[in-house]
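Before any comments, here is the structure.
The values are calculated or read from the model by the stated rules, or taken from the named source; none is laboratory data. Source: prediction; values computed, not measured. Counting neighbours? That spans all protein chains shown, and the Cβs are built from the backbone with ideal geometry, glycine included.
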Amino acid sequence: AANVQHDVFCLVRILYDSVGGQKHYAKQPDVIKDICCGLKKNLMLKKFKTAGQLRSYLENLEW
């Protein structure tokens with residue numbers, strides 16, 4: 001379970017860094033902030049228990 005959680009954190013961190021990291025995070029749309037959860041691990045885990053759930057969420061987003 002710990003490895004699965006770590007995978008979710010790493011994937012969210014990749015997204016966070018891809019959109020500009022700390023410097024640009026505040027200016028991102030709510031959809032990005034809803035995924036990144038301010039990089040708070042407990043909030044991320046409530047929303048995405050597995051990398052598959054995160055993938056499904058991303059695939060079903062309407063930009």
Original post:
Taking only pairs six or more apart or across chains, which ones have beta-carbon atoms under 8 Å, a first residue in segment 34-56 that is part of a loop (DSSP other than H, G, I, E, B) and of a type outside the set (Phe, Trp, Tyr), and a second residue that is surrounded by 12 or more Cβ atoms within 10 Å (Cβ to Cβ) and at pLDDT below 95?
Top reply: 49/4; 50/4
Original post:
residue 4 passes all but one of (1) modelled with pLDDT under 95; (2) on the phi > 0 side of the Ramachandran plot; which number fails?
Top reply: (2)
Original post:
Given the structure, is residue 61 at pLDDT 95 or above and of a type in the set (A, V, I, L, M)?
Top reply: no
Subject >> Residue that is surrounded by the fewest Cβ atoms within 10 Å (Cβ to Cβ), among those in segment 19-63 that are touching a Gly at 6+ places or on another chain (Cβ under 9 Å) and farther than 22 Å from residue 5 by Cβ >> reply: 27
**OP:** Return the pairs, sorted by first residue and then second, in which the second residue is part of a helix (DSSP H, G or I) and surrounded by 11 or more Cβ atoms within 10 Å (Cβ to Cβ), the first residue lies in segment 7-31 and is without any contact (Cβ under 8 Å) to a residue 60 or more places away in the chain and basic (Lys, Arg), the beta carbons are less than 9 Å apart, and the residues are 6+ apart or on different chains.
**Re:** 13/36; 13/39
